[in-house]
Amino acid sequence: MATGRIDVSIEHKNRPETGAEAKRHPNTCPACGSHYREDELEKHLFVCPHCGHHFPVDARTRISQLADEGSFLEEAQDVRSADPLGFFDLRPYAERLAEAELATGLGEAIVIGRAAIDGNACELSVMDFSFLGGSMGSAVGEKFTRACESAAEYGLPVVSVTASGGARMQEGILSLMQLPKTVCAVEELHDAGCALFSVMAHPTTAGLIASFASLGDVIVAEPGALLSFTGPRVVQQTTREKLPDDFGLAEANYRFGHLDAIVPRGELRSYLGRLLRLFGNGR
């Protein structure tokens, strides 16, 4: 007996834009169609003032939004991904890495360093989806681990902001090994008596949500963020079931108790500042 056609549009509402969509003016809100000047969006922390849609932001912008001015001191800038498999699909992996570095100005999909938020010292770890989809390879895992080690050494909490499509396929099993590696890093951080605060931005999926992103002592997300191990389209095609419109979104995760709070970007800095004052144990 023939089955009905599956509606997969729910994932399309929240996926990063590609193709023709990505070519439209970047300051047009995809939710309500409102158009803004760059300075207008920057003033509102890249959140649509009309409908509240949260535009994606790169790692440097996120750091400037969260950290006290002049307080961020970057660490492990020299850590870069290697190409141990000599991976080649349509282009060599090394070429894709070089292209991503030129496009983003980053050496990897994560930036770490010492910072202060509302006067409270912490170790800050921020991912950037624009660098190969924020995928986690061996360098990302290494940098996050170093952030945890530095925080444990100085008795500081870690603030982690994630935005990722998951493990980086070009590094094969080495990328998958970053899941247990980062989990162990969080355990050692906790053994040192330090806290991890996890902020999930859109999208946080697959290997990230299966590892350190879900291990925060306090876990929060931005409104409308997709937080799911597997995207709604794949789940719906596999199960042949109609999924709720908010499947995998921050709001659904909060409803089922997977999050402690959904925090709009304009309130995130003060929210983290309060957490740091409550949980911080800096020496």
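Numbers at a glance
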quantity: Residue match in the range 159-178 (condition: more than 15 Å from Met136 (Cα to Cα) and touching a Cys at 6+ places or on another chain (Cβ under 8 Å)); calculated: yes
quantity: Out of Leu66, Leu90, Leu73, sole residue that is in contact with a Lys or Arg (Cβ under 8 Å, 6 or more places away or on another chain), of a type in the set (A, V, I, L, M, F, W, C) and surrounded by fewer than 16 Cβ atoms within 10 Å (Cβ to Cβ); calculated: Leu73
quantity: Filtered residues of the range 178-202 (kept if open to solvent by 10 Å² or more (accessible area, probe 1.4 Å) and more than 14 Å from Val218 (Cα to Cα)); calculated: Gln178, Leu179, Pro180, Lys181, Val183, Cys184, Glu187, Glu188, Asp191, Ala192, Gly193, His202
quantity: Checking Pro56 against (1) outside any loop (DSSP other than H, G, I, E, B); (2) under 29 Å from Phe247 (Cα atoms); (3) modelled with pLDDT of 90 or more, the condition it does not meet; calculated: (1)
quantity: Among the residues listed as Gly141, Gly133, the single one being assigned to a helix (DSSP H, G or I) and touching a Gly at 6+ places or on another chain (Cβ under 6 Å); calculated: Gly133
quantity: Positions within the range 1-21 being loosely packed, with under 14 Cβ neighbours inside 10 Å and modelled with pLDDT of 50 or more, in sequence order; calculated: Glu17, Thr18, Gly19, Ala20, Glu21
quantity: Number of positions in the range 93-112 that are within 25 Å of Ser150 (Cα to Cα) and surrounded by 21 or more Cβ atoms within 10 Å (Cβ to Cβ); calculated: 5
quantity: Output for the range 26-53, where each listed residue is surrounded by fewer than 16 Cβ atoms within 10 Å (Cβ to Cβ) and part of a helix (DSSP H, G or I); calculated: Glu38, Asp39, Glu40, Glu42, Lys43
quantity: Count of the range 225-280 residues which are among the polar types (S, T, N, Q) and open to solvent by less than 60 Å² (accessible area, probe 1.4 Å); calculated: 5
quantity: Residue that is modelled with the highest pLDDT, among those in the range 229-283 that are among the acidic types (Asp, Glu) and over 20 Å from the mean Cα position of the chain (by Cα); calculated: Glu241
quantity: Conditions (1) touching a residue at least 60 places away in the same chain (Cβ under 8 Å); (2) assigned to a helix (DSSP H, G or I); (3) of a type in the set (D, E, K, R); (4) out of contact with any Leu (no Cβ under 8 Å at 6 or more places or on another chain); number of the one not met by Arg269; calculated: (4)
quantity: Selection count, the range 144-172, where residues are under 15 Å from Ser211 (Cα atoms) and surrounded by fewer than 24 Cβ atoms within 10 Å (Cβ to Cβ); calculated: 3
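Matching residues to (1) closer than 23 Å to Glu188 by Cα; (2) of a type in the set (Val, Ile, Thr); (3) free of Cβ contacts under 8 Å to residues at least 12 places away in the same chain; (4) outside any helix (DSSP H, G or I):
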{"residue": "Glu74", "(1), (2), (3), (4)": "yes, no, no, yes"}
{"residue": "Leu90", "(1), (2), (3), (4)": "no, no, yes, yes"}
{"residue": "Leu106", "(1), (2), (3), (4)": "no, no, no, yes"}
{"residue": "Val126", "(1), (2), (3), (4)": "yes, yes, no, yes"}
{"residue": "Phe129", "(1), (2), (3), (4)": "no, no, no, yes"}
{"residue": "Thr145", "(1), (2), (3), (4)": "yes, yes, no, no"}
{"residue": "Gln170", "(1), (2), (3), (4)": "no, no, no, no"}
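The values are calculated or read from the model by the stated rules, or taken from the named source; none is laboratory data. Since the structure is predicted, the reported quantities are computational estimates derived from the model, not experimental observations. Using ideal geometry, Cβ is built from the backbone for each residue, glycine included, and neighbour counts are taken over all protein chains shown. Accessible surface areas use protein heavy atoms only, side chains included; no ligands, DNA or RNA. Shrake-Rupley method; radii C 1.70, N 1.55, O 1.52, S 1.80 Å.
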